[in-house]
Amino acid sequence: MTSLRFHLFIVDDEPTIREGISLALGSAYQISEFANAEDALAALEETSPDLVLMDIGLPGMNGIDALARIKKTNPHVLVVMISAYEDVDGVIRSMKLGAHDYVVKPLKMDQLELTIDNALETIRLRKEVQALQAQNLRENMPLFIGESNAIQNVMDLIQRVSRSADTPVLIEGETGTGKELLASAIHFHSPVFRGPFVAVNCAAIPKELVESELFGYRGGAFSGAREAGKTGLVESAHNGTLFLDEIGDLSPDAQAKLLRFLESGEFYRVGETRPTRVAVRLVSATNRDLTAMMQTERFREDLYFRLGVIKIQVPSLNERPEDILPLAKYYLNHFNTKFDTRFNGLSAEAEQALCAHRWTGNVRELKNLIERATLTSRNEKLTSHDLGLEGRLENTQDPASWLQRLPDLPPTGLDLPQTMEQIERHFIHEALKLSRSNESQAARLLGLNHHTFRYRHRKLSS
């Protein structure tokens, strides 16, 4: 018996047909009845059924026009049309518009049940795949923390490009920004999520071994080769994703062989004369300026355009300061669990020091600071001293460090209240710029509470 989790819309202007179907199928499915297409479409804006059983010859908006609307707004909903015996043209038009199947009046309940059950089998399989993908995401997908618009835009783009199983993606960004996390996000959200995710650091492979590591070799192909040969990393990623990190470190020869593979989907193991074909989604990453490398002929232009069908630029942590504290708190909770520690947060001056710090190592540097602090601190809350940022906090917050650069008082004097107002306006503007207009974050940068900051900002802006 089909599960009660399936929800059916019955759309027919004849009450006897609606009542007959509901009576026959009500114990197996959740049923919603509608006498016209307009009411059914309105209900679709609130809930998405698994299947719509709809008459073609409805009063008002007919079933074919309603089908077109459903497929435009709810493309995953299956629609089975109810047709008069002689309405062949209506059936053909419905199938072209995306109807899953049709049944003919007068309805035969055993035939209708079989048609519905076959249609719902498609949905059942889809839900099983979605459940399996959700399980894989929970078990394998590293958490990517970010509240800023910059990182949310990146994640939105990843959701879109993940729909493809084979489009190459190039991820560009500074060291430590989480490029491998994003590559794994692309894999685990893609149709090939059940396949392998093979990550390769191109910079870590000696140049003379790149070809054999990537493409493998036949036994005895060269001195020192294993007798059984070796499967390359490209072949290991068959039906999955190959992630090539630091792609800019590949030698010219390796670039040429990688380009040939991207163009043909085939490669030759070292020592073999027959090509091997695999299906692989290639995601690459770099912290280098590949366009500048192309100008000096250190990176192939044709390979660059093959790799970067989709390009994703990952913002540095300094470009998204509103993510600093959420990341720090996430890692603190993470290491509390890992090391069985009980730190109950960050001190106020630690938060200020984190926000004022210049992150050359990006998220990786922040993670390392929190990990070290949770292992060495004896405080209830982590302090700037625990994080190794105490001196830097003093340098950035001590007015003496920048007051020394102010000019001497002019002989004619100055309007001190107006000057103080200009200084305050300047630092409020700078704090908003650093925080990308996040008032809560800007207030923390200036050591103010949110309400005081908002009051001063509005007063100085008026």
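The values are calculated or read from the model by the stated rules, or taken from the named source; none is laboratory data. Because the structure is predicted, anything quoted here is derived from the model rather than measured. Positions of Cβ are backbone-derived with ideal geometry, glycine not excepted, and every protein chain shown enters the neighbour counts.
The requirement of being of a type in the set (V, I, T), under 27 Å from T73 (Cα atoms), at pLDDT 85 or above and not assigned by TED's automatic domain parsing to the domain that holds K433 is not satisfied by V198.
Within the option set D302, D323, being over 25 Å from the mean Cα position of the chain (by Cα) and among the acidic types (D, E) holds for one residue only, D302. If you filter region 206-241 down to residues that are among the hydrophobic types (A, V, I, L, M, F, W, C) and over 29 Å from S164 (Cα atoms), you find that the one that is modelled with the highest pLDDT is L209. Taking the numbered list (1) part of a loop (DSSP other than H, G, I, E, B); (2) hydroxyl-bearing (S, T, Y); (3) surrounded by 17 or more Cβ atoms within 10 Å (Cβ to Cβ) in turn, S223 passes all entries but (3). Evaluated against (1) in a helix (DSSP H, G or I); (2) in contact (Cβ under 8 Å) with a residue 12 or more places away in the chain; (3) surrounded by fewer than 22 Cβ atoms within 10 Å (Cβ to Cβ), R260 falls short on exactly one condition, (2).
Within region 416-436, if we keep just the residues that are β-branched (V, I, T) and either modelled with pLDDT under 85 or loosely packed, with under 14 Cβ neighbours inside 10 Å (or both), the residue that is farthest from the chain's Cα centre (by Cα) turns out to be T419.
How many residues, within region 79-90, are at pLDDT below 90 and of a type in the set (A, V, I, L, M, F, W, C)? Selection size over region 79-90: 2. Here the condition is being more than 23 Å from M109 (Cα to Cα) and free of Cβ contacts under 8 Å to residues at least 40 places away in the same chain; of A35, A40, A84, A68, it holds for A68 alone.
Is it the case, given these coordinates, that R300 is closer than 30 Å to V198 by Cβ, surrounded by 20 or more Cβ atoms within 10 Å (Cβ to Cβ) and out of contact with any Phe, Trp or Tyr (no Cβ under 7 Å at 6 or more places or on another chain)? It is false that R300 is closer than 30 Å to V198 by Cβ, surrounded by 20 or more Cβ atoms within 10 Å (Cβ to Cβ) and out of contact with any Phe, Trp or Tyr (no Cβ under 7 Å at 6 or more places or on another chain). Annotation: of all residues in region 308-355 being in a helix (DSSP H, G or I) and of a type in the set (S, T, N, Q), the one that is nearest to L387 (Cα to Cα) is Q352. From the list N36, N74, N62, the one residue that fits, being polar (S, T, N, Q) and either within 19 Å of A119 (Cα to Cα) or touching a strand residue (DSSP E or B) at 6+ places or on another chain (Cβ under 6 Å) (or both), is N74. R194 fulfils the conditions (1) under 25 Å from A292 (Cα atoms); (2) surrounded by fewer than 19 Cβ atoms within 10 Å (Cβ to Cβ) except for a single criterion, (1).
Only one entry of L67, L25, L97 meets the criterion of being at pLDDT 90 or above, in contact with a strand residue (DSSP E or B) (Cβ under 8 Å, 6 or more places away or on another chain) and either of a type in the set (K, R) or surrounded by 15 or more Cβ atoms within 10 Å (Cβ to Cβ) (or both), and that entry is L67. Here D110 meets each of (1) surrounded by 14 or more Cβ atoms within 10 Å (Cβ to Cβ); (2) among the charged types (D, E, K, R); (3) under 23 Å from T16 (Cβ atoms) with one exception, condition (1).
Between V80, V104, V91, the distinction of being touching a strand residue (DSSP E or B) at 6+ places or on another chain (Cβ under 6 Å), farther than 24 Å from G26 by Cα and surrounded by 15 or more Cβ atoms within 10 Å (Cβ to Cβ) belongs to V91 only. Taking the listed residues D39, D12, the one that is surrounded by 20 or more Cβ atoms within 10 Å (Cβ to Cβ), out of contact with any Phe, Trp or Tyr (no Cβ under 7 Å at 6 or more places or on another chain), in the same structural domain as E121 (by TED's automatic domain parsing) and at pLDDT 90 or above is D12, with no other qualifying. Within region 220-246, residues that are assigned by TED's automatic domain parsing to the domain that holds A203 have Cβ atoms under 7 Å from residues that are assigned to a loop (DSSP other than H, G, I, E, B) and of a type in the set (K, R) in these pairs: G229/R218; G232/R269, counting only partners at least 6 apart in sequence or on another chain.
Out of curiosity, is G90 part of a loop (DSSP other than H, G, I, E, B), touching a residue at least 12 places away in the same chain (Cβ under 8 Å) and in the same structural domain as F34 (by TED's automatic domain parsing)? So G90 does not fit the description; no.
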